[in-house]
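Student: Below: one structure in structure tokens.
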Amino acid sequence: MTAAAIPNFIAGRWVRSDATEALEVSDPATGEPLGRTPLSGPAEVDAAVRAAQAAFPAWRATPAVERTRVLFRLKGLLEAHKADLARSLTREHGKIVAESAGEIQRGIENVEHACGIPTLMMGETLEDVARGIDCETIRQPLGVFAAITPYNFPVMIPLWFWPYAVATGNTVVLKPSEQDPLTHQRIVDLAMEAGLPPGVLNVVHGAREAVTAILEHPGITGVSFVGSSGTARFVYARAAEHGKRVQALGGAKNHMIVLPDADLDATMDAVVSSVYGSTGQRCLAGSVIVGVGEAYRPVKDRLLARAGGLKLGAGLDDGVDMGPVISAQHRERVVDYIAQGARDGAALLLDGRSARVARLPKGHWVGPTVLENVTPDMPVGREEIFGPVAGLARAGSLEAALELVHRNQYGNAISLFTTSGKAAREFRYRAGISMIGINIGVVAPMAFFPFGGSRGSFYGDLKAQGRDAVEFYTDRRVVISRW
Ligand code: NAD
């Protein structure tokens, strides 16, 4: 049986794409086909942009309190449907259902924060900048924004962007990941139920061709992007060349440094859930664990004991700790990295390559893996694997550990585990990475703080979420008046 074609959403209606090519979306645990993502082209992007342009004047003129009332209603609907949405997300992505519920909660928190736009969007005024002359700044929306999002958080990441863009009075074209776009389709329906007018949010499915059409479309003012660093760089450069605002969040290689004075029980809880949660498919996943001095041995022993006990299976089944990876192709990539690490001289202490779930032979399984003696020059020590693979490294001091970290191209997240306030302060001062965790494994900023990295993990200046989102989606206009 062929799965149903996934429609685009343009001007408030679900419309069948004219694309001749489509990609299958299937349950990564069972292989069951769930839908077919059309690879839409420039004409469909153009139709979506026109719908967004047509909706902009009336939406911009809608008072901010009325715009945010739609989001208040959406928040209620998302909460009411949370359990269903979580199951749908697990089926198309593979993560365990508790992780899906957590993702949806993070998305809801962004909708909640965007409900504060009437306050967040206020400007500033100063009387008498010269005698009888007043000056004020007002924030105005800019028109049509696009959001291009990855597969690993297909609900939360679109909600990092479009609720803020529409709350500030803009209209949006969303290009979700082609690998798992189904749950967000249901969220679009909920947004309509909440009262979002036609054309304010449009969805075009596709991949490279649709993205390029977005980046080059003269009707789009700005682009929010999240994905791998190579694509982020391309999006940043191409969109900027076409005169757009861009925020492009890329990949990561996150280090977790453990000092000898760390509380090992709490540390290992945080490390294990960071490395293996979401089967390692998180931009905040810990990837290299650096044991400093005497910390190395107990960290290694405990990691092996804990990782070896994780249960692999379908995310909807009880008692499962780790789901499959997204696709057969991605599984190959992770497995190749593990083999490459072993060839390069890392010791393969726990090998997840042959892991299987007997009942689910079509699942894309990779078991928890641990490699020892990982160095910053090896691909496994340097590049983003995006799978359940921990690299172990040693350092003689915090300073030496940071030197090792700074040889890496990425700058998304970093964690230190210690009970020393002095070491933590030193670490915070010298980390040089954007999202810094102290005794925290997944350094995920809440909706009211900026989310995004630095160095090779981020291209742009304003990040996702929080006040940065308000800045990104508005222009501060200065009015100077004399009467
Ligand atoms: P991806 O780069 O393959 O895809 C992201 C988006 O770009 C998708 O919508 C896709 O259709 C589009 N795309 C892919 N290749 C393209 C190309 N050549 N030209 C134009 N568009 C293209 O990323 P992914 O595999 O979906 O997601 C995983 C990546 O996202 C990881 O690198 C992860 O670290 C990163 N990520 C980063 C953050 C962050 O906050 N920095 C958050 C989540 C995910």
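Taken together, the values in this text are just the output of simple stated rules run on the coordinates, not laboratory data. What you are looking at is a predicted structure, and each value in this text was computed from that prediction instead of being measured. Heads up, the Cβs are rebuilt from the backbone with ideal geometry, glycines too, and the neighbour counts pull from every protein chain shown.
Student: Using only the Cα atoms of the range 99-211, what semi-axes does the equivalent ellipsoid have when each is the square root of 5 times a gyration tensor eigenvalue? Give whole Å, largest first.
Tutor: Computed over the range 99-211, the values are 34, 16, 13 Å.
Student: Among 274-284, 128-138, 58-68, 413-423, how do they line up by average Cβ neighbours within 10 Å per residue, starting with the highest? Kindly include the intermediate steps, with their values, before the conclusion.
Tutor: Details: 274-284: 25.9, 128-138: 12.3, 58-68: 15.7, 413-423: 21.2.
Ranked by mean Cβ neighbours within 10 Å, highest first: 274-284, 413-423, 58-68, 128-138.
Student: Counting pairs on different chains as well as pairs 8 or more places apart, how many Lys pairs in the chain have Cα atoms under 20 Å apart?
Tutor: Counting lysine pairs in the chain gives 10.
Student: For the range 1-142, just list the percent of Cα-Cα distances falling in each 10 Å bin from zero outward, please.
Tutor: Once binned at 10 Å, the Cα pair distances of the range 1-142 give 10, 22, 30, 24, 8, 5, 2, 0.
Student: Rg to Rh ratio, the range 192-345, alpha-carbon atoms and Kirkwood radius?
Tutor: Values: Rg = 20.9 Å, Rh = 19.2 Å.
Over the Cα atoms of the range 192-345, Rg/Rh equals 1.09.
Student: What FRET efficiency, computed as 1/(1 + (r/R0)^6) with R0 = 35 Å and r the Cβ-Cβ distance, is obtained for MET446 and ASP84, rounded to the nearest 0.05?
Tutor: Working: r = 25 Å, r/R0 = 0.70.
FRET efficiency, MET446 to ASP84: 0.90.
Student: Do you know the relative contact order of the range 333-483, to the nearest whole percent, from alpha carbon pairs under 8 angstrom that are 6+ apart?
Tutor: Numbers: 211 pairs, mean separation 22.2, N = 151.
About 15 percent, as a whole number.
Student: What's the angle, to the nearest 10 degrees (0 to 90), between helix 82-93's Cα axis and the longest principal axis of the chain?
Tutor: Rounded to the nearest ten degrees, it is 60.
Student: A further question on this structure: Once both axes come from the Cα atoms, what is the angle between helix 156-167 and the longest principal axis of the chain, in degrees from 0 to 90, rounded to 10?
Tutor: For helix 156-167, the angle is close to 20 degrees.
Student: Tilt of helix 264-276 relative to the longest C-alpha principal axis of the chain, in degrees (0 to 90, nearest 10)?
Tutor: It works out to around 60 degrees.
Student: Give me a comma-separated list of calculated 3J(HN,Hα) values for the range 7-21, in order, Karplus coefficients 6.51, -1.76, 1.60 applied at θ = phi - 60°, integers in Hz, x for any Gly or Pro.
Tutor: After applying 6.51 cos²θ - 1.76 cosθ + 1.60, I find x, 7, 10, 9, 6, x, 10, 7, 10, 6, 6, 7, 4, 8, 10 Hz.
Student: SER420 to ASN373: FRET efficiency via 1/(1 + (r/R0)^6), r the Cβ-Cβ distance, R0 35 Å, to the nearest 0.05?
Tutor: Values: r = 27 Å, r/R0 = 0.77.
Given R0 = 35 Å and the Cβ-Cβ separation, E is 0.85.
Student: Could you give P(r) for the range 3-52, binned at 5 Å from zero, as whole percent values over all Cα-Cα pairs?
Tutor: With a bin width of 5 Å, the distribution comes to 5, 21, 25, 20, 14, 8, 5, 1.
Student: Based on the Cβ-Cβ distance of ARG356 and ARG69, what FRET efficiency does E = 1/(1 + (r/R0)^6) give at R0 = 60 Å, to the nearest 0.05?
Tutor: Details: r = 50 Å, r/R0 = 0.84.
For R0 = 60 Å, the calculated efficiency reads 0.75.
Student: What is the gain in length, in nm to one decimal, between ARG208 and ASN439 on full extension, counting 0.36 nm per residue of separation less the C-alpha to C-alpha distance? Numbers along the way, then the final one.
Tutor: Working: separation 231, 0.36 × 231 = 83.16 nm, distance 3.91 nm.
Value of the extension gain: 79.3 nm.
Student: A follow-up question, please. Under the 0.36 nm per residue contour assumption, what length would be gained going from the current alpha-carbon distance of ASP134 and SER228 to full extension? Numbers along the way, then the final one.
Tutor: Values: separation 94, 0.36 × 94 = 33.84 nm, distance 4.64 nm.
Full-extension gain reported as 29.2 nm.
Student: How far, in nm, would the chain grow between GLU21 and ALA237 when pulled straight, counting 0.36 nm per residue and subtracting the alpha carbon separation?
Tutor: Values: separation 216, 0.36 × 216 = 77.76 nm, distance 2.72 nm.
Difference between extended and current length: 75.0 nm.
Student: More than 32 Å apart: what percent of Cα pairs in the chain qualify? Numbers along the way, then the final one.
Tutor: On the way: 48565 of 116403 pairs.
When every Cα pair of the chain is considered, 42 percent fall beyond 32 Å.
Student: Oh, and also: Could you give the nm distance between label points at ALA347 and ASP461, where each point is 7 Å from its Cα heading toward the beta carbon?
Tutor: Rounded to a tenth, the inter-label distance reads 4.9 nm.
Student: Rounded, prolate or oblate for the range 352-423? Axes are the square roots of the Cα gyration tensor eigenvalues, ordered a ≥ b ≥ c, and the cut-off for rounded is a/c under 1.5. Write down the numbers at each step before the final one.
Tutor: Numbers: a/c = 2.73, a/b = 2.14, b/c = 1.27.
The shape class here is prolate.
Student: Run lengths n ≥ 4 of DSSP H only: what is the helix-derived mean residue ellipticity at 222 nm for the chain, with -39500 (n - 2.57) per run over all residues, to the nearest 500? Please report the intermediate quantities before stating the final value.
Tutor: Details: 16 runs with 189 residues, N = 483.
Mean residue ellipticity, 222 nm, calculated: -12000 deg cm²/dmol.
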